[in-house]
Amino acid sequence: RLSRSQRDLGSDAERAAYATLHTASLASRHLRSGLTPAGASRASRHLRGLLRCETLLMTDTAAVLAWEGTLADNAMRRERILLAARGVLESGRTKVFRGPALRALGLQDGGELLICPLRVNSQAAGTLGVFAPSISAGLIRATNDVADWVAAQVELAELDTSRALLMEAEVKALRAQISPHFIYNSLNAIASYINTDPQRARELVVEFADFTRYS
(Lines give C-alpha, C1' and ligand atoms only; values in the text may rest on other atoms or scores of the structure.)
Protein backbone atom coordinates (compact mmCIF):
# COMPACT_ATOMS: atom_id res chain seq x y z
CA ARG A 1 0.00 0.00 0.00
CA LEU A 2 2.83 2.40 0.84
CA SER A 3 4.53 1.70 -2.50
CA ARG A 4 1.26 2.28 -4.37
CA SER A 5 0.57 5.55 -2.51
CA GLN A 6 4.02 6.85 -3.43
CA ARG A 7 3.44 6.00 -7.10
CA ASP A 8 0.13 7.88 -6.99
CA LEU A 9 2.00 11.07 -6.10
CA GLY A 10 3.89 10.89 -9.40
CA SER A 11 7.57 11.16 -10.17
CA ASP A 12 10.03 13.38 -8.33
CA ALA A 13 9.76 15.95 -11.13
CA GLU A 14 5.95 15.93 -10.92
CA ARG A 15 6.01 16.36 -7.16
CA ALA A 16 8.49 19.23 -7.47
CA ALA A 17 6.29 20.91 -10.12
CA TYR A 18 3.23 20.52 -7.89
CA ALA A 19 5.06 21.96 -4.88
CA THR A 20 6.24 24.96 -6.94
CA LEU A 21 2.78 25.69 -8.35
CA HIS A 22 1.18 25.28 -4.93
CA THR A 23 3.64 27.73 -3.36
CA ALA A 24 3.08 30.23 -6.18
CA SER A 25 -0.67 29.91 -5.68
CA LEU A 26 -0.32 30.67 -1.97
CA ALA A 27 1.80 33.73 -2.68
CA SER A 28 -0.53 35.05 -5.40
CA ARG A 29 -3.40 35.38 -2.92
CA HIS A 30 -1.50 38.09 -1.08
CA LEU A 31 -0.57 40.05 -4.22
CA ARG A 32 -4.14 40.48 -5.47
CA SER A 33 -4.36 43.92 -3.87
CA GLY A 34 -1.13 45.05 -5.52
CA LEU A 35 2.29 45.87 -4.13
CA THR A 36 1.30 46.69 -0.54
CA PRO A 37 3.26 46.22 2.70
CA ALA A 38 0.80 43.64 4.07
CA GLY A 39 0.56 41.68 0.83
CA ALA A 40 4.30 41.77 0.15
CA SER A 41 5.10 40.66 3.69
CA ARG A 42 2.79 37.64 3.53
CA ALA A 43 3.77 36.70 -0.03
CA SER A 44 7.49 36.88 0.79
CA ARG A 45 7.15 33.98 3.24
CA HIS A 46 6.13 31.72 0.38
CA LEU A 47 8.52 33.22 -2.17
CA ARG A 48 11.46 32.71 0.17
CA GLY A 49 10.65 29.01 0.31
CA LEU A 50 10.35 28.95 -3.46
CA LEU A 51 13.84 30.42 -3.95
CA ARG A 52 15.33 28.69 -0.90
CA CYS A 53 17.34 31.73 0.15
CA GLU A 54 18.29 32.89 3.63
CA THR A 55 16.40 36.19 3.38
CA LEU A 56 13.98 37.66 0.85
CA LEU A 57 13.39 41.39 0.49
CA MET A 58 10.75 43.31 -1.44
CA THR A 59 10.56 47.05 -2.03
CA ASP A 60 8.51 49.56 -3.94
CA THR A 61 10.00 52.85 -5.10
CA ALA A 62 9.86 54.43 -1.65
CA ALA A 63 10.21 51.80 1.09
CA VAL A 64 11.17 48.25 2.03
CA LEU A 65 7.86 46.40 2.05
CA ALA A 66 8.98 42.95 3.19
CA TRP A 67 11.98 41.50 5.04
CA GLU A 68 11.64 37.75 5.53
CA GLY A 69 14.45 35.50 6.75
CA THR A 70 17.41 35.11 9.05
CA LEU A 71 19.25 38.31 8.15
CA ALA A 72 18.95 40.79 11.02
CA ASP A 73 16.59 43.64 10.23
CA ASN A 74 17.20 47.21 11.35
CA ALA A 75 16.42 50.74 10.16
CA MET A 76 19.96 51.51 8.94
CA ARG A 77 20.10 48.36 6.80
CA ARG A 78 16.68 49.08 5.36
CA GLU A 79 17.77 52.58 4.40
CA ARG A 80 20.95 51.35 2.68
CA ILE A 81 19.22 48.47 0.90
CA LEU A 82 16.52 50.87 -0.31
CA LEU A 83 19.29 53.08 -1.70
CA ALA A 84 20.74 50.08 -3.55
CA ALA A 85 17.26 49.14 -4.78
CA ARG A 86 16.76 52.62 -6.20
CA GLY A 87 19.97 52.20 -8.19
CA VAL A 88 18.54 48.97 -9.64
CA LEU A 89 15.26 50.75 -10.40
CA GLU A 90 17.09 53.53 -12.25
CA SER A 91 19.18 51.15 -14.32
CA GLY A 92 16.42 48.58 -14.77
CA ARG A 93 18.99 45.81 -14.45
CA THR A 94 19.57 43.01 -11.98
CA LYS A 95 22.60 43.56 -9.75
CA VAL A 96 24.66 41.34 -7.44
CA PHE A 97 26.36 42.90 -4.40
CA ARG A 98 29.52 41.20 -3.13
CA GLY A 99 32.49 42.10 -0.93
CA PRO A 100 33.01 45.85 -0.49
CA ALA A 101 29.74 46.71 -2.22
CA LEU A 102 27.91 44.49 0.25
CA ARG A 103 29.74 45.88 3.26
CA ALA A 104 28.80 49.38 2.12
CA LEU A 105 25.20 48.33 2.67
CA GLY A 106 25.98 47.38 6.25
CA LEU A 107 25.90 43.66 5.53
CA GLN A 108 28.90 41.89 7.03
CA ASP A 109 27.06 38.63 7.64
CA GLY A 110 29.05 36.60 5.15
CA GLY A 111 26.86 36.29 2.09
CA GLU A 112 25.84 37.97 -1.14
CA LEU A 113 22.83 40.05 -2.15
CA LEU A 114 20.90 39.95 -5.41
CA ILE A 115 18.37 42.63 -6.36
CA CYS A 116 16.04 42.32 -9.38
CA PRO A 117 13.68 45.02 -10.69
CA LEU A 118 9.92 44.49 -10.73
CA ARG A 119 8.69 45.82 -14.07
CA VAL A 120 4.97 46.58 -13.94
CA ASN A 121 3.47 47.78 -17.23
CA SER A 122 7.01 48.37 -18.56
CA GLN A 123 7.89 50.58 -15.59
CA ALA A 124 10.08 49.74 -12.58
CA ALA A 125 7.63 49.64 -9.66
CA GLY A 126 9.81 47.91 -7.07
CA THR A 127 12.49 45.28 -6.49
CA LEU A 128 12.86 41.72 -5.32
CA GLY A 129 16.04 40.88 -3.41
CA VAL A 130 17.53 37.70 -2.03
CA PHE A 131 20.39 37.28 0.45
CA ALA A 132 22.24 33.97 0.27
CA PRO A 133 25.69 32.57 1.12
CA SER A 134 26.49 32.56 -2.60
CA ILE A 135 24.59 33.96 -5.57
CA SER A 136 24.83 31.41 -8.37
CA ALA A 137 23.79 31.79 -12.01
CA GLY A 138 20.87 29.47 -11.33
CA LEU A 139 19.66 31.59 -8.42
CA ILE A 140 19.91 34.73 -10.57
CA ARG A 141 17.74 33.15 -13.26
CA ALA A 142 15.23 31.83 -10.73
CA THR A 143 14.97 35.18 -8.92
CA ASN A 144 14.49 37.05 -12.20
CA ASP A 145 11.71 34.62 -13.15
CA VAL A 146 10.03 35.04 -9.76
CA ALA A 147 10.36 38.83 -10.08
CA ASP A 148 8.63 38.69 -13.48
CA TRP A 149 5.88 36.54 -11.94
CA VAL A 150 5.39 38.97 -9.04
CA ALA A 151 5.22 41.87 -11.52
CA ALA A 152 2.56 39.99 -13.49
CA GLN A 153 0.46 39.53 -10.34
CA VAL A 154 0.72 43.25 -9.58
CA GLU A 155 -0.33 44.05 -13.15
CA LEU A 156 -3.40 41.83 -12.73
CA ALA A 157 -4.25 43.62 -9.48
CA GLU A 158 -3.99 47.00 -11.22
CA LEU A 159 -6.15 45.68 -14.06
CA ASP A 160 -8.84 44.61 -11.58
CA THR A 161 -8.74 48.07 -10.02
CA SER A 162 -9.00 49.71 -13.43
CA ARG A 163 -12.00 47.54 -14.30
CA ALA A 164 -13.73 48.48 -11.05
CA LEU A 165 -13.10 52.18 -11.69
CA LEU A 166 -14.37 51.83 -15.27
CA MET A 167 -17.57 50.14 -14.10
CA GLU A 168 -18.10 52.87 -11.50
CA ALA A 169 -17.60 55.56 -14.13
CA GLU A 170 -20.08 53.84 -16.47
CA VAL A 171 -22.69 53.66 -13.70
CA LYS A 172 -22.22 57.36 -12.91
CA ALA A 173 -22.52 58.27 -16.59
CA LEU A 174 -25.68 56.16 -16.95
CA ARG A 175 -27.15 57.70 -13.81
CA ALA A 176 -26.43 61.20 -15.15
CA GLN A 177 -28.22 60.35 -18.38
CA ILE A 178 -31.25 58.69 -16.77
CA SER A 179 -31.87 61.03 -13.85
CA PRO A 180 -33.18 64.06 -15.82
CA HIS A 181 -35.68 61.89 -17.72
CA PHE A 182 -36.73 60.11 -14.54
CA ILE A 183 -37.27 63.37 -12.66
CA TYR A 184 -39.24 64.86 -15.55
CA ASN A 185 -41.54 61.85 -15.84
CA SER A 186 -41.98 61.58 -12.07
CA LEU A 187 -42.98 65.22 -11.70
CA ASN A 188 -45.42 64.94 -14.58
CA ALA A 189 -46.99 61.88 -12.99
CA ILE A 190 -47.34 63.67 -9.65
CA ALA A 191 -48.82 66.74 -11.36
CA SER A 192 -51.57 64.62 -12.90
CA TYR A 193 -52.80 63.67 -9.39
CA ILE A 194 -52.84 67.17 -7.87
CA ASN A 195 -56.43 67.95 -8.89
CA THR A 196 -57.93 64.45 -8.99
CA ASP A 197 -56.24 62.89 -5.94
CA PRO A 198 -54.33 65.42 -3.80
CA GLN A 199 -53.59 62.86 -1.07
CA ARG A 200 -52.04 60.50 -3.60
CA ALA A 201 -50.02 63.40 -5.04
CA ARG A 202 -48.73 64.25 -1.56
CA GLU A 203 -47.68 60.63 -0.94
CA LEU A 204 -45.86 60.51 -4.27
CA VAL A 205 -44.01 63.76 -3.50
CA VAL A 206 -42.84 62.35 -0.14
CA GLU A 207 -41.75 59.07 -1.75
CA PHE A 208 -39.96 60.95 -4.53
CA ALA A 209 -38.16 63.07 -1.95
CA ASP A 210 -37.06 59.94 -0.09
CA PHE A 211 -35.81 58.42 -3.35
CA THR A 212 -33.75 61.48 -4.30
CA ARG A 213 -32.23 61.62 -0.82
CA TYR A 214 -31.29 57.92 -1.06
CA SER A 215 -29.82 58.42 -4.55
Item to complete: Arrange the residues Asp60, Asp160, Asp12 by how much accessible surface each exposes, largest first, with a 1.4 angstrom probe.
Response: Asp12, Asp160, Asp60
Worksheet item: Can you give the angle from 0 to 90° between the axis of helix 137-193 and the longest principal axis of the chain, with both taken from C-alpha atoms, to the nearest 10?
Response: 0 degrees
Practice prompt. Note the angle between two axes, namely the Cα long axis of helix 12-29 and the longest principal axis of the Cα atoms of the chain, as a number of degrees from 0 to 90, rounded to the nearest 10.
Written response: 40 degrees
Worksheet item: Which of these, Ala72, Ala132, Ala201, has the largest mean-square fluctuation under a Gaussian network model of the chain (Cα springs below 10 Å)?
Response: Ala201
Discussion item. Given the DSSP H assignment, sum -39500 (n - 2.57) over each helix run of at least 4 residues in the chain and divide by its residue total; what's the result at 222 nm in deg cm²/dmol, nearest 500?
Written reply: -21500 deg cm²/dmol
Discussion item. Once each part is reduced to its C-alpha centroid, what is the distance from the range 132-185 to the range 106-125 in angstrom?
Written reply: 24 Å
Worksheet item: Looking at Thr59, Ser122, Ser136, which one has the Cα that reaches farthest to the positive end of the dipole of the chain (charges on Cβ: Lys, Arg +1; Asp, Glu -1)?
Response: Ser136
Item to complete: Would you work out if the range 132-193 is rounded, prolate or oblate? Take a ≥ b ≥ c from the square roots of the eigenvalues of the alpha-carbon gyration tensor; rounded if a/c is under 1.5, else prolate when a/b is larger than b/c, oblate otherwise.
Response: prolate
Worksheet entry | Mean accessible surface per residue for the range 152-215, computed with a 1.4 Å probe while every protein chain stays in place, in Å² | 82 Å²
Practice prompt. Could you work out the longest stretch of the chain that avoids the trypsin sites (Lys or Arg not before Pro) located in DSSP loops with at most 12 other Cβ atoms within 10 Å?
Written response: 94-215
Fill in: Normalised contact order of the range 42-120, rounded percent, pairs of Cα under 8 Å and 6 or more residues apart
22 percent
Worksheet entry | Carbon + sulfur, % of accessible area of the chain - ligands and nucleic acids excluded, 1.4 Å | 54 percent
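Does the range 1-148 classify as rounded, prolate or oblate by the C-alpha gyration tensor (a ≥ b ≥ c root eigenvalues; a/c under 1.5 gives rounded; else a/b over b/c gives prolate, otherwise oblate)?
Prolate, since a/c reaches 1.5 and a/b exceeds b/c.
The values are calculated or read from the model by the stated rules, or taken from the named source; none is laboratory data. Nothing here was measured: the structure is a model prediction, and the numbers come from that model. All Cβ positions, glycine included, derive from the backbone under ideal geometry; neighbour counts span all protein chains shown. With ligands, DNA and RNA removed, areas are computed over all heavy atoms of the protein, side chains included. Shrake-Rupley method; radii C 1.70, N 1.55, O 1.52, S 1.80 Å.
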